[in-house]
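Working notes for the structure below.
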Amino acid sequence: MATIKLARSTSCSRCINYAEPRATVKSGLNCDVNYAKTQMKATRMIYGKDDKVQAHTLIQSFKPGEVTPEQANELGYQLAQKVADGHQVAIYTHTDKDHIHNHLVINSVNMDTGLKFQAHGQKAIQEVKDANDQICLEHGLTIPEESANVRYTAAEKSLLEKGKSSWKDEIREAVDHAKVRTRNFKDFSAFLNEKGIDVKLRGKTITYTHLNANKKVRSKKLGSDYEKETIFNGFERHIEPTETRNTPIKRPRNNEPRPTATDSSIDRNSKLQRSDTATEKHGESQFGEQLTRDSTSNDYSPEQVQQQLEKLRNNTDQLQRDSSKAINGILETTENDPKRPVRSKQERNREDSARNEPEQPPIKRDQPNHNQDYGPSL
């Protein structure tokens with residue numbers, strides 16, 4: 001079962017210095033592996049891209065007992081051809097752990113185009129994994145299985161066959177109960193704490209601690225049903241609609257009358273007639289006089305109408321006279337004063353030039369000292 005890890009480095013030499021001394025088998029793509037550092041640096045210098053990211057590292061691991069070091073190195077070479085065509089790649093095979101694995105050091109600059117190797121983001125990682133899975137399947141090797149909803153180790157399976165449960169199974173059972181009884185992570189943690197299980201969020205994963213057994217396990221070891229994403233998605237599904245969402249909104253149909261206004265102070269009958277109070281307020285003049293209505297009719301008398309019109313004309317005329325006086329007072333400035341002496345343009349220019357010239361210091365002249373005795377005059 002081959003797995004993949006990707007990383008990038010700002011020092012290509014450092015990556016090679018780590019991988020080369022531990023290698024059992026080594027090979028190079030587009031370069032001599034014994035001079036990989038020198039040749040990779042020369043390529044970066046040619047294109048002027050020896051700064052920032054200099055190399056990408058790719059670790060290719062195999063299931064114990066599936067391949068030999070030579071086979072593993074050959075598989076690493078094939079993977080380099082698929083994912084880093086045109087780049088210089090050094091492949092180092094390590095056997096210092098129980099599983100054989102390759103360290104691929106990829107020069108960041110392409111030999112032919114001068115473009116940099118792009119291997120960041122989930123999309124690039126997935127492309128490398130797909131290429132690795134294809135190579136493994138072609139050679140009859142196993143590939144990683146999709147994450148299971150519940151994952152059991154060999155020891156757990158042995159206990160289950162004997163009718164026993166492990167401390168991990170106790171965590172799973174408690175989490176299953178908590179997921180259906182809580183609405184958020186705070187309540188979820190409190191519920192599990194009462195069951196003797198501590199919960200910690202660590203980045204994208206959850207760590208469960210069995211307090212009685214004093215043992216910890218990450219959520220991905222228990223299965224996808226116990227990981228952070230699954231837990232939080234469950235909270236979102238448990239959110240109940242509010243009462244306002246459950247309460248239907250009654251809307252009047254086309255043939256149903258609309259409800260009348262609830263404000264009792266507004267009287268809106270079919271003829272839109274004014275109330276007595278509103279009529280009296282609108283009938284007040286600017287002088288505080290109130291119009292009176294004819295007791296025998298709903299209309300004003302002609303005499304009252306003529307009186308009010310005459311007062312309105314008088315007020316309008318007075319406002320016009322007042323506004324004209326105010327405007328004339330504003331316009332009458334000293335510039336329009338006919339008694340003001342008129343200066344010629346030359347005088348104004350002389351005054352402006354004199355105003356702009358800097359003030360000259362007074363000139364000190366030697367004055368005769370009359371108190372000093374200069375002797376008899378000739």
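The values are calculated or read from the model by the stated rules, or taken from the named source; none is laboratory data. Computed from a predicted model, the values in this text were never measured in an experiment. A quick note on method: Cβ atoms are made from the backbone with ideal geometry, for glycine too, and the neighbour counts reach across all protein chains shown. Remember, those area values only see protein heavy atoms, side chains included, never the ligands or the DNA or RNA. Shrake-Rupley method; radii C 1.70, N 1.55, O 1.52, S 1.80 Å.
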Quiz item: Inside segment 192-232, can you point out the residues that are among the hydrophobic types (A, V, I, L, M, F, W, C) and more than 29 Å from the chain's Cα centre (by Cα)?
Solution: L192, I197, L211, A213, V217, L222
Quiz item: Looking at (1) surrounded by fewer than 20 Cβ atoms within 10 Å (Cβ to Cβ); (2) among the polar types (S, T, N, Q); (3) in contact (Cβ under 8 Å) with a residue 40 or more places away in the chain; (4) under 25 Å from Q134 (Cα atoms), can you tell me which one T68 breaks?
Solution: (3)
Practice problem: Take Q81 and decide whether it is farther than 17 Å from T113 by Cβ and in contact (Cβ under 8 Å) with a residue 12 or more places away in the chain. | Solution: no
Self-check item: Residues of segment 4-57 classified as assigned to a strand (DSSP E or B), β-branched (V, I, T) and open to solvent by 60 Å² or more (accessible area, probe 1.4 Å), total
Solution: 0
Exercise. Specify the residue that is surrounded by the fewest Cβ atoms within 10 Å (Cβ to Cβ); the eligible residues are those in segment 210-220 that are touching an Asp or Glu at 6+ places or on another chain (Cβ under 7 Å) and of a type outside the set (A, V, I, L, M).
Key: K220
Quiz prompt | Selection from segment 84-122 of residues that are farther than 27 Å from L141 by Cβ and either surrounded by 18 or more Cβ atoms within 10 Å (Cβ to Cβ) or aliphatic (A, V, I, L, M) (or both) | solution = N107, S108, V109, N110, M111, L115, K116
Quiz prompt | helices (runs of 4 or more DSSP H) wholly inside segment 144-209 that include at least 3 residues being open to solvent by 80 Å² or more (accessible area, probe 1.4 Å) and at pLDDT below 80 | solution = 154-161
